[in-house]
Every structure is written in C-alpha cells, then in structure tokens.
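What follows is a single structure, written as structure tokens, with notes after it.
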Amino acid sequence: MLNEIWMSFLVFFVTVICLLIFLSLSETLQWFDKPNELRKLHDKAKPTSAGIIFVLPIIIYFLINPNIRLLAINTPLIAYITLGLVVIGGIDDFKNLSAKFRLMVLLGLCYYFVNGVFAETKISLFLFGLYVLGMLWWINLYNFMDGADGMAGLHAFITLFAYGAVFVTYNFPGGLLFPYFLIVLFSILAFLIFNFPKAKMFMGDSGSLSLAFLIAAFALYGIKLGIFDEVLVISFHLVFIIDASLTLFARMKFKHKLTQAHSMHVYQLIIKEGIPHYKVSLIYALLTIVTVAIALFNHFYQVEKSIKLFTLAFEIIILSTFWFYYHNKTKFKHLIR
C-alpha cells in the first residue's frame, strides 16, 4: 500500500509540473477558451482543454496495471474509452464538433462500455438500455455543469473519494481498487490547484467528458458487483442531476434550441448576479457532501431499501423546491423568449 501512496504523490507532482508547462504553452500558442455571449461566466480568455494533461496519467496507470481484469473490472476497457473521450473532447474544445456527431460518438462509447461490463452477466434488455442512456445523460449532464471555477473538479473529487471509501471496505475485489482511486483523486487534485478558487485554466470537454465517464464507470462496476445500488449512485450526484435535468426540461417547455449554448442553470444565474465563482462552487460541493454523507450512512448501516428511497425522494423535493423558488423569484425571465 505504501508504494501506491508514493506513486500517487509522484503522479501528483508530475501532473502539476505538466500543467505548468501546459499553461505556459497555452499562452504562447493561444489555446484559449474565449468568453461566449450565450454562456458567458468568465470575462477573460483562459487556457482550456487541460483534461488532456491531468487525465493522461490515469489512462497510463490503468493500462500498465491491467491485472484487475481477473477481478471482473476491466481497467484497460476503462482506459481506452477514457482516451477516446479525451480525444473527442479535445477536438471539440478547439474545432466545435456538430452536436449530433458528438452525441452519436458518446452513445456508441456508452453502449460499448456497458456491453463490455455486462458481457458475461445476464441482465434484461430494458436494464441494459437504461444503463446506456443513463451513462449518456450523465456524461452530458456533467459537461453542462462544468462552468464555474472548481465546480466539476470538486464534484468529481468528493464523489470519487466516496466511491473509493465504499469499494475499499468491500472485501473482494473492491479493496484492490485502492491504488486506482488514489491515482484518479491525486490527478484531479493537481488540476484543482489551477482551477480553484480562481481558474487559471479550464479542463475543457477533454476533461469533463472523461471525468464524467470515470465516475460512471466506477458506479456501474459497483452496481454490477453488488457493492452498492442505483439509489446510492443517484444520491451521490443528485445536486448536479436536479439542476441540469430541471433546466433541460424548462428549456424544452419554453421551446429553446437544446443544442445551443446557454447560461440558465441556477449556478450560472447566481454567478451572473455577482456571487463569486468559488462561493457558488463551494455551496454545490457542500450540498453534494451532505447528499453523499446521507447515502453513505444508509449504505453502511444497511438501511432498508424503502427508507433509502424515501430519503432520496425527500432530497429531490428539497433541491427541486430550491430550483423552482429561484426561477419563480425571477418569473422565469431567463427562460422566456
């Protein structure tokens, strides 16, 4: 275990150095994310697509340590799809791929991964489709929520730390995933140094798509192995799910073009009112810590499924009430055209 910890620290320091080099090169080569009037939360152009840098150590580690496949967790499969998402996201960061093409690529990768996970497991066609669409929606949802300094990174760190805690307390094979979680967490931490409390660079789609997938991959394997259930997964990510989903439904109701960039999530509107990025990101992170803590309590104390569902429903009502309260306060003026 000591070797894994030292390896994680090494990855952290090397990633920090690489991100410093990336920051310098970005300024020289003008690899900037320019403020978009339709989704403007930053007033200055800053380097983007840092996901190419900090996700790379994760991919390499998952490829050079593939023995976990014997324990029904195929880390090379995770690595290859993560690499594919880094490439697609990196191209999109600079070339703006068509929304339909990107969606089809993401759908194909989600299908391929879910099929790989459950290739030797009998599940219903309905459940298989639900996992594919759920993963597709989560990856896009997470991408939508990557707009405030540190928001996406903090969410990934908190939830993956929690997943790791659940996995390592599971005797076999969960405990053997400890080094993989460490590498992911230290890589995210290295990026957060440059993205929070005030962003010097952005992860871009190369980072948000790949991080979202890594979160979903661990969640899906946890469900497959019976380590936890779907209720825990939804609870972990409920803060992001509510804001993104209700905003999408509202945009559909007001007949917006869904492929068009926007700044209508609650966190975006709060920032536009003058609240600093880091404060909004911390609020979302703290809310996530609360939902994660409740889910972990219910899991470790083996609370009955009915109580878990009741708790989840209560959390959904609370978070949804806040979303509707905020938009009602402004008479939905940001959504009406």
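Listed by first and then second residue, the pairs linking a residue in the range 245-274 that is at negative phi to a residue that is surrounded by fewer than 17 Cβ atoms within 10 Å (Cβ to Cβ) and at pLDDT 80 or above, with Cβ atoms under 6 Å apart and 6 or more places separating them unless they lie on different chains, are Thr259/Ala99; Val266/Tyr326. Highlighted here are the helices (runs of 4 or more DSSP H) found entirely within the range 254-337 that include at least 1 residues which are of a type in the set (Ser, Thr, Tyr) and within 19 Å of the chain's Cα centre (by Cα): 266-272, 277-300.
Any idea which residue in the range 223-237 is surrounded by the fewest Cβ atoms within 10 Å (Cβ to Cβ), counting only those that are outside any helix (DSSP H, G or I) and touching a Gly at 6+ places or on another chain (Cβ under 8 Å)? This residue is Leu225. Among the residues of the range 100-120, is any part of a helix (DSSP H, G or I) and touching a Lys or Arg at 6+ places or on another chain (Cβ under 7 Å)? Yes, the range 100-120 contains at least one residue that is part of a helix (DSSP H, G or I) and touching a Lys or Arg at 6+ places or on another chain (Cβ under 7 Å).
Going by the conditions given, is Val132 surrounded by 15 or more Cβ atoms within 10 Å (Cβ to Cβ) and more than 29 Å from Ala261 (Cβ to Cβ)? So Val132 fails the test. Filtering Ala216, Ala152 for residues that are crowded, with 21+ Cβ neighbours inside 10 Å, of a type in the set (Gly, Ala, Ser) and touching a Ser or Thr at 6+ places or on another chain (Cβ under 6 Å) leaves a single hit, Ala152.
The values are calculated or read from the model by the stated rules, or taken from the named source; none is laboratory data. Everything quoted here is computed from the prediction, not taken from an experiment. Counting neighbours? That spans all protein chains shown, and the Cβs are built from the backbone with ideal geometry, glycine included.
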